[in-house]
Each structure stands twice: as structure tokens, then as C-alpha cells.
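Remarks on the structure that follows.
Nothing in this text is a laboratory measurement; each read-out follows from the coordinates by a stated rule. Nothing here was measured: the structure is a model prediction, and the numbers come from that model.
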Amino acid sequence: MSDIIITSGRKYIDIDAYASMIAYRELLKVISDNNIIASTTAILNQSVPPLILNLRYSLDRSTDNENNEYILLDVSNPDFFDKQVKSSKIVEIIDHHTGFEQYWAKYPNIKTQIEFIGSVCTLVYEKIIQSRHVEILDTDLCKLLVAGILDNTLNLKTSITTDRDRSAYNELLRLGKVPEDFYKEYFSACEAEITKDFEKAIKDDLKIEKAGTLPEVIGQMIVLNLDNFDQEKMNEIFAAYPEWMMNVILLEEGKSYIYFGGDSIRQRLEHLFDKKCGSDNLLVLDKFLLRKQIMKKARDAVSI
């Protein structure tokens, strides 16, 4: 018997992918006659701390069947699909990273929703509401979706946060009776994971993808402040790459600290942001930007 496998990216996945995969599985279980599985062969990054893993929902074990069909969440670039995916068996794609809309328009048999919005968890929440199966949104499932929105919108403070994200977040708090200060608990749990293994935290959220004139190797880390940020260790990790950048988002300052390496990166970043870098290979932005926002800005700059 074949299954419908809900999955995401190839190497590492974050809380937005993790939570949306699980929530979409729970929805499809009640509206579909198929056997629905949410699984990944990728590593979970530090945005999925024990606080989340200890909830009553988790991922499934993959099944190996040539007739399995696949739903992709939080990814639409075919180069980065989970390695279990067979391209000829894809039935649906839901993503909030733009850039591949025209590519998938060539495959009308594949249901596609690609929107530039804060979180895929918002899109899945909306699908649950539209299906009129709000009863599946118990406390733990709401906490999963809330965490995905929190992480991808940085507590609803990024410029990519939409009214839809805010509405989904507030309704999930209400429906799941989730405490309003859950965001503090979640971000503290994530930072504890970062501090526990700094090197793993960087490597588990490393994106290797070409975007405009940016280096192909781009890291990201979200921290409350720089108290526990190990810049020396960061430089050691990236020493293997000729060009790289690391977006460190400081929640308390509301700024992005962009560290970088490579002789030509300085000029390219200064041109992209119209701002001078410091002498220590650091560009400080007055407000924080997520990596996906920076990558979109770089792609848009090339297309102009």
C-alpha cells in the first residue's frame, strides 16, 4: 500500500517545516482517505528544542514504496528537496520562499501554493480553518504552529510579518489556551540549545544556495544578545569556505549583525545595503532581517 509523504528540505529543517508538516498531516488525516505520513531524512536544527520535541506530536518513520506520493512544505527549489522525494510523484507544494513560481507553473498537475508570507505554519493554519476542522487544534498542535510563526517572524517583529501571520498567531493562542508569554519560553529553549553546542547550531542551519551576489554559504543564528555568541568559534567553522556570511539576529537590539569572509564580500554587501562595513568584517543593520529576506533582496537586485 502506498502512502502520501509530507516532507521538506534535504539537509536541515527548522521549526516552521517541522511544525507545518505535522499540522498538515493531522489535517489530511481527517479529510483524506489516504495513509498520511510526515517524515524527514534531514536533521532538525536548534529551532526545534526539547520543549517542542516533548509535545505529544512527532514525525513518523518513512516508508519506502515506489508508489508513494509526496507533499513538499517550506521548500520549492527542487535542488533542496528531501532525498526520499521522487520528482515524478510530487502532488503538492506549499512554500513561503518565492522564486520558483514560474518553474512549477509548467506542472499544472501539481497543486502549488507559493506566497511570500512570514511562515508556512500560517498557511497550514489557514487551511485548517478553511476545512472547518478547527477541532484538531488542541494545545500541543497550537504550540507547534505558534512556535513556527514565532521563529520565522521573530516574535512577529520582522518586516515580512503579515496581518495573516498576526491573526493566525493570536487565534492559535486563543484556541489552544497557550500563554501569551510562550514566546519567552520558546526562544529561551532555542538559545539553550545553541549554547550547548555552538558549532552544531551553526552547521545545522547552514544554507548553501546561490542568491544574487551573496556568497553561496550563508549561516543564521537568532540570539537574545551577544553574551553567549562565540565569534572565534564561528570563524573557525567558516574557515573551510572561501566566501561566507553569517546573519546573527539580536532580538534585544532589534538588529542584524552580518559577519562575513572573503575579499570581495565587503564591497558586494556595501553595495547591496548602501551601508559601510566595519573594519572587522562586520555589517550592522539598523533593523534585523531574516536570511530569506536578505536572499530575496539580493535576487531582486540582480533582476532589476
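Observations on the structure shown:
- Shape analysis of the stretch 145-233 yields a ratio of the Cα radius of gyration to the Kirkwood radius, Rg/Rh, of 1.03.
- Within the stretch 4-136, DSSP assigns beta bridges of which about 5% are antiparallel (rounded to the nearest 5).
- Between amide H atoms placed 1.01 Å from N, distances below 5 Å from I93 occur with L72, K111, T112, Q113, all of them 5 or more places distant or on a separate chain.
- With θ taken as phi - 60° and the Karplus curve 6.51 cos²θ - 1.76 cosθ + 1.60 applied, the whole-hertz 3J(HN,Hα) list for the stretch 46-62 is 5, 6, 10, x, x, 3, 7, 5, 8, 5, 7, 9, 8, 7, 9, 7, 5 Hz, x standing for glycine and proline.
- Beta bridges per DSSP with both ends in the chain, % antiparallel, nearest 5: 40
- P(r) for the stretch 11-76, from all Cα pairs and a bin width of 5 Å, is 3, 15, 27, 27, 17, 8, 2, 0 %, short bins first.
- Of all DSSP beta bridges in the stretch 198-303, antiparallel share, percent nearest 5: 70
- Rh (Kirkwood; distinct C-alpha pairs) - the stretch 163-281, Å: 16.2
- Relative contact order (percent, whole number), the chain, Cα cutoff 8 Å, 6+ residue spacing: 15
- Distance violations [Cα-Cα > 32 Å] among K86/K200; K106/K157; K143/K207; K89/K287: K106/K157; K89/K287
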